[in-house]
Amino acid sequence: MEFFIAPFIVALLASVLALIISILDKKVNNYGDVEININNGKKILNVKGGDKLLTTLSSQGIFIPSACGGKGGCGACKCEISTDVGPILPTEKPYLSPEDIEKNIRLSCQIKVKKNLNLFIPEELFNAKEFSGVVEEINDLTYDIKEVVVSIGEEAIEFVSGRYIQLVVPPYGKIKESTQRAYSISSKPSEKNKVAMLIRLIPDGIATTWVHNYMKVGEKLKLIGPFGDFEKSDSKSIMVCIAGGSGMAPFQSMFHDMLEKGETDREVWYFFGARTTKDLFFLDEFKEIEKKWTNFHFIPALSASLPDEDWDGEKGLITDVLDKYLNSKIDPSKHREGFLCGSPGMIGACNNILNHNGIKDIFYDNFS
């Protein structure tokens, strides 16, 4: 019995100690009014000190991307702070490169606002907003991927195809705190009053479990964004695009946007990797795009097709299929650009294939 009680007591004491420290910090360390100067006076905020920088900024309507909701687990909430805010914390080190450290880049979720600050953020973050939405549709695309469509009413969202949004997940079940997760926007930029996302179920994932098992049509929720820098270039280069699973999302937005704008003179090769036919979706949609867009080529491939599957398309690892097409069908005499969306492993493997075939201009949307 002592074996089970001891860890519980330790955890309880740690929680009590953390609560006491938090209360004492607020009582003893009264930082008063603090000025935050953003981008050399572009915005000046007068706020109460004592909270984390990420939280303080969001309370003033300035949203820094944070895929983990400010828990220190993603490293996305970077900003340049020219004011001395103390040494780099152990919780920051895994996410800061030597170049980041040299530029005074810090994680805003780990920095407490204690004094006047001067900081720099990308100008486009001034356009990020918090949106109130209602779940309009939940569509099962595969056994583990749902399309979620959120209506934001008359509150139009402006974004470039390829961007992502942060979904605010409310407390549910045993989850006692609200959190946030980032998902690529799959809807077109012209659809300004709704946001669509493709969300794959991750075992024990806080956000995806809520989406797949708890979310209901008609439910109210919050979205924050848009964020990101993944987008097509303005060149006329051949686009070599690779995705798998919910990595379909930014490309769905991108290709429909290009088709809508009449940008069909550009050559596009879209490779989509899956294990079996049950992992495929939107096949008819992209076949229709091929009919309307002569220079658009959709190549789905199965890496573990089953003997009884009705499939006459490409088979094998997406890297092998990609390499075959780069060597046989995609003109090497023309400039080519790579666009990748998926897990770090998939991106790394496809990046090697692209580099091996002379493609150096590569853009990523990394599901890390």
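The values are calculated or read from the model by the stated rules, or taken from the named source; none is laboratory data. Bear in mind that the values here come from a model prediction, so they are computed numbers and not experimental data. Using ideal geometry, Cβ is built from the backbone for each residue, glycine included, and neighbour counts are taken over all protein chains shown. Ligands, DNA and RNA are stripped out before the accessible areas are found, and what is left, the full protein with its side chains, is counted by its heavy atoms. Shrake-Rupley method; radii C 1.70, N 1.55, O 1.52, S 1.80 Å.
When the helix-only estimate is applied to the chain (DSSP H runs of n ≥ 4, each -39,500 (n - 2.57), divided by the residue count), what is the mean residue ellipticity at 222 nm, nearest 500 deg cm²/dmol?
-8000 deg cm²/dmol
Taking Cα pairs under 8 Å and at least six residues apart, what relative contact order does region 279-368 come out at, in percent?
Details: 85 pairs, mean separation 18.8, N = 90.
Relative contact order comes out at 21 percent.
Averaging the inverse of every distinct alpha carbon separation and then flipping it gives the Kirkwood radius. What is it for the chain, in angstrom units?
22.9
Distance in nm between label sites at D320 and E80, each 7 Å beyond Cα in the beta-carbon direction?
Here the answer is 4.7 nm between the modelled labels.
Got a sec? Charge dipole of the chain, +1 on Cβ for Lys and Arg, -1 for Asp and Glu; which of N40, N295, G338 is way out at the positive end?
It is N40, whose Cα lies furthest towards the positive end.
About the Cα centre of region 220-368, how large is the charge dipole given +1 on each Lys and Arg Cβ and -1 on each Asp and Glu Cβ? Please answer in debye to the nearest 20.
260
Can you run phi through the Karplus equation (6.51, -1.76, 1.60; θ = phi - 60°) for region 296-304 and list ³J(HN,Hα) in whole Hz, with x for Gly and Pro?
Here the 3J(HN,Hα) series is 9, 10, 9, 10, x, 9, 10, 8, 9 Hz.
Can you list the HN-Hα couplings for region 40-49, worked out from phi with the Karplus curve (6.51, -1.76, 1.60; θ = phi - 60°), rounded to whole Hz and with x for Gly and Pro?
For region 40-49, the Karplus-derived couplings read 6, x, 4, 9, 10, 10, 10, 9, 7, x Hz, x marking Gly and Pro.
Are there DSSP H segments in the chain that both extend 24 Å or more along their axis (alpha-carbon positions) and score a mean Kyte-Doolittle hydropathy of at least 1.0? List them, or say none.
Those that pass (Cα extent of 24 Å or more, hydropathy at least 1.0) are 2-28.
With the crude spin-label approximation of a point 7 Å out along Cα→Cβ, what separation in nm comes out for W311 versus D331?
A separation of 3.2 nm, rounded to one decimal place.
Please compute the per residue accessible area over the chain with all protein chains in place, 1.4 Å probe, rounded to a whole number of Å².
Per residue, the chain has 52 Å² of solvent-accessible surface.
Can you list residues from other chains, or at least 5 along the same chain, whose modelled amide H is less than 5 Å from the amide H of I299?
Amide H neighbours of I299: Y270, F271, F272.
I'd like to know which of I347, G244, L54 lies farthest towards the positive end of the charge dipole of the chain, counting +1 on Cβ of Lys and Arg and -1 on Cβ of Asp and Glu.
Positive-most Cα among the choices belongs to L54.
Tell me the carbon and sulfur percent of the accessible area for region 169-222, rounded to whole percent, probe radius 1.4 Å.
52
Where does each of 92-102, 354-364 land if you order them by average Cβ count within 10 Å, highest first?
354-364, 92-102
Report the calculated FRET efficiency for N352 and D234 (r = Cβ-Cβ distance, R0 = 30 Å), to the nearest 0.05. Spell out each step's value before the answer.
Working: r = 27 Å, r/R0 = 0.89.
Efficiency computed from Cβ-Cβ geometry: 0.65.
Sequence gap at least 6, Cα distance under 8 Å: using those rules, report the relative contact order of the chain to the nearest whole percent.
Here the relative contact order equals 12 percent.
Compute and list, largest first, the equivalent-ellipsoid semi-axes of region 131-269 from the alpha carbon gyration tensor, each √(5λ) rounded to a whole angstrom.
28, 16, 12
Taking a cut-off of 23 Å between Cα atoms, list the lysines near K329, but don't count ones fewer than 8 places away on the same chain.
K232, K236, K287, K291, K292, K315, K360
Please list, ordered by chain and number, the residues whose modelled amide H lies under 5 Å from the amide H of N39; skip anything fewer than 5 residues away on the same chain.
Here the answer is L119, F120, I121, since their amide H atoms fall under 5 Å of that of N39.
Treating only the Cβ atoms of Lys and Arg (+1) and Asp and Glu (-1) as charged, compute the dipole magnitude of the chain about its Cα centre; round to the nearest 20 debye.
The calculation lands at about 1200 debye.
Find how much the distance from E154 to N39 grows on full extension, using 0.36 nm per residue of separation minus their present alpha carbon separation; answer in nm with one decimal.
Extra length available between E154 and N39 comes to 38.3 nm.
Set the Förster radius R0 to 35 Å, insert the Cβ-Cβ distance between T91 and E137 as r into 1/(1 + (r/R0)^6), and round the FRET efficiency to 0.05.
Efficiency, rounded to the nearest 0.05: 0.35.
Under the Karplus relation 6.51 cos²θ - 1.76 cosθ + 1.60, θ = phi - 60°, what is the ordered set of whole-Hz ³J(HN,Hα) values for region 75-92, x standing for Gly and Pro?
Per residue, the Karplus-derived 3J(HN,Hα) values read x, 7, 8, 6, 8, 8, 10, 7, 6, 6, 10, x, x, 5, 7, x, 6, 8 Hz.
With both bridge residues required to lie in the chain, what share of the DSSP beta bridges run antiparallel, to the nearest 5%?
60
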